[in-house]
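K.L.:
Starting off with a structure, shown below.
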Amino acid sequence: MIPKVSVVIPTYGRLDSLRRAIESVDTQTYDNIEIIVVDDDPDRTLPDFETDSPIRIIEHTENRGAPVARNTGITNSTGTYVALLDDDDEWLPQKLDRQVDKLRSLPDSYAMVYSGAEFIRTHSTTTRKPSFEGDILDGLLYSNFIPSATPLIRRRCLDRVGLFDPQLRSKQDHDLWVRIAEKYRIGVLPTVLATIHQDHEDRISTDSLRLYQGMKKFLKKHNKKMNSRTLAVNIHKLGVYSLPTQISDDPQKYFIKSLRHYPLNIPAVLYLIALQFPPIIKKHILQIRNSCL
C-alpha cells in the first residue's frame, strides 16, 4: 500500500481561499491522503467540506498563531509524510504524486522534497524553480529559497528535529528548513507544483515589524552557523526590516555591522548613504526595499 500523506492546512478568516486550497488537495492524483484543517479563528465555525479524502477539522478556542496551528495539525496527523499548505495557496494536481515518488527513491538521509512555485501578486506573477539539493544548509542560511507550500516531509524526521517555533513571529518556515538541513539532506523537483497567492495585506511578508522581530530571533538562533558573508547579508536584512517599523533601534547600526562582517556588501553602503538624505528620499527607499533582500 502506498504511504499516507497528511496535509495540514492552518486557517484564519479566509473561507473562500480555504475552499480553493482544499479543492487543490482533493484533486491530487495521489490516492492516500488525509486532510487536517486547523481553524485558528475562535469566532467562527467552519462548514462541512465534501472531499474524496478523509478530512478533519480542529478548532482552536483562542487565536494562537500559524506556527501553533501547524503544530496542532502535525501532532494530530497519522501519515508517513507531512505536507503543509496555507489556506490562501494551492497545489497542482500531480504535486504529491511526484514528490512521493521522488522521496521514496531517495535514501533515508533525505528528510524532505520541495519544488518550485508560482507567486501571484496584485500586479505581477513570478515563477521560482530552485534546484539546490543535497547538503544545502549553507545555502539556506544565506537565503530561504524553499517556497512554503512545497515541502513534503518524512514524519519521523519532524519527530527528531521538532516542529515550528511558536516564538518566531516570522521566519518560522525558514527556521524549520534550517533545522532539518542541519541533520538531513533535502531533495528537489525543480518545477512549479504550487501557487502562492500574495495579493492581500495580511500576509507576514507585508508586515515589516513581524519580519523584523522574526529575523532578530532567527539570527539569535542561527548566527553561529553562518559564515561572514551570510551573517552580513542577514544583518543587512534586519536593518532593512527595521526602517519602517518606528522602533527605537537605529537601522544604521545594522548596516555598519553588516559591513564589518563583509565590507563588499554594496547594498549596505547604499542604504547608509541614502539614510543621510531628507525623509522624502527615505520614503522611496522603503518602497523598493524588498528588491534588495
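Computed from the coordinates by the stated procedures, all read-outs in this text should not be read as laboratory data. Remember, it's a predicted structure, so these values are computed and weren't measured experimentally. Glycine gets a Cβ as well: all are built from the backbone with ideal geometry, and neighbour counts include every protein chain shown.
K.L.:
Distance check, please: which entries in LYS102/LYS237; LYS95/LYS183; LYS4/LYS183 exceed 28 angstrom between their Cα atoms?
P.N.:
Listed pairs above 28 Å: LYS102/LYS237.
K.L.:
Next question. So what are the ³J(HN,Hα) numbers for segment 157-162, from phi and the Karplus equation (6.51, -1.76, 1.60; θ = phi - 60°), rounded to whole Hz, Gly and Pro as x?
P.N.:
3J(HN,Hα) across segment 157-162, in whole Hz: 6, 5, 4, 8, 8, x.
K.L.:
Residues with amide H under 5 Å of TYR110's amide H, sequence separation 5 or more or different chain, H placed in the peptide plane at 1.01 Å from N; which?
P.N.:
Distant-sequence amide H within range of TYR110: ARG185.
K.L.:
What is the packing order of peptides 14-26, 76-88, taking the mean over residues of other C-beta atoms within 10 Å and listing the highest first?
P.N.:
The peptides rank, most packed first, as 76-88, 14-26.
K.L.:
Amide H neighbours of GLY134 under 5 Å, counting only residues 5+ apart in sequence or on other chains, H built in-plane at 1.01 Å?
P.N.:
Here the answer is ILE186, GLY187, since their amide H atoms fall under 5 Å of that of GLY134.
K.L.:
What number, rounded to the nearest 500 deg cm²/dmol, is the helix-based mean residue ellipticity at 222 nm of the chain, given -39500 (n - 2.57) per DSSP H run of at least four residues and division by all its residues?
P.N.:
Result for the chain: -12000 deg cm²/dmol, rounded to the nearest 500.
K.L.:
Right, something else. Which whole-number percent gives the relative contact order of the chain, counting Cα pairs below 8 Å spaced six or more residues apart?
P.N.:
It comes to 16 percent, rounded to a whole number.
K.L.:
From the phi of every residue in segment 138-155, what ³J(HN,Hα) in whole Hz does the Karplus formula 6.51 cos²θ - 1.76 cosθ + 1.60 yield, where θ is phi - 60° and glycine or proline is x?
P.N.:
Along segment 138-155, the couplings run 4, x, 5, 5, 6, 7, 8, 9, 9, x, 4, 8, 10, x, 10, 10, 5, 4 Hz.
K.L.:
To continue, here is another question. If you keep only loop residues by DSSP, which trypsin sites (Lys or Arg not before Pro) in segment 111-208 have at most 15 other Cβ atoms within 10 Å of their Cβ?
P.N.:
Those that pass, being in a loop and sparsely packed, are ARG121, ARG203.
K.L.:
Taking R0 as 22 Å, what FRET efficiency do you get between LYS257 and ASP138 from their Cβ-Cβ distance, rounded to the nearest 0.05?
P.N.:
0.60
K.L.:
Work out how much length GLU59 to ARG160 would gain on full extension: take 0.36 nm times their residue separation and subtract the Cα-Cα distance, in nm to one decimal.
P.N.:
33.7 nm
K.L.:
Could you tell me which of ILE153, HIS236, ILE273 has its Cα farthest along the dipole of the chain towards the positive end, charges placed at Cβ (Lys, Arg +1; Asp, Glu -1), taken about the Cα centre?
P.N.:
Checking the options against the dipole of the chain, the answer is ILE273.
K.L.:
Give the long-range amide H neighbours of GLN198: residues separated by 5 or more places, or on another chain, with amide H under 5 Å away, using H modelled in the peptide plane at 1.01 Å from N.
P.N.:
Distant-sequence amide H within range of GLN198: ILE120, ARG121.
K.L.:
Something else: Which percentage, to the nearest 5, of the DSSP beta bridges contained in the chain is antiparallel?
P.N.:
30 percent
K.L.:
Rank the residues MET112, MET215 as a footprinting-exposure proxy: fewest other Cβ atoms within 10 Å of their Cβ go first.
P.N.:
Least crowded to most crowded, the residues run MET215, MET112.
K.L.:
Just report the Cα centroid separation between segment 1-40 and segment 79-111, whole Å.
P.N.:
Taking the Cα centre of segment 79-111 as reference, the centre of segment 1-40 is 13 Å away.
K.L.:
How large is ³J(HN,Hα), in whole Hz, for each residue of segment 39-49 in order, when computed from phi with the Karplus curve 6.51 cos²θ - 1.76 cosθ + 1.60 and θ = phi - 60°, using x for Gly and Pro?
P.N.:
Listing the rounded values in order: 8, 9, 9, x, 8, 9, 10, 6, x, 6, 10 Hz.
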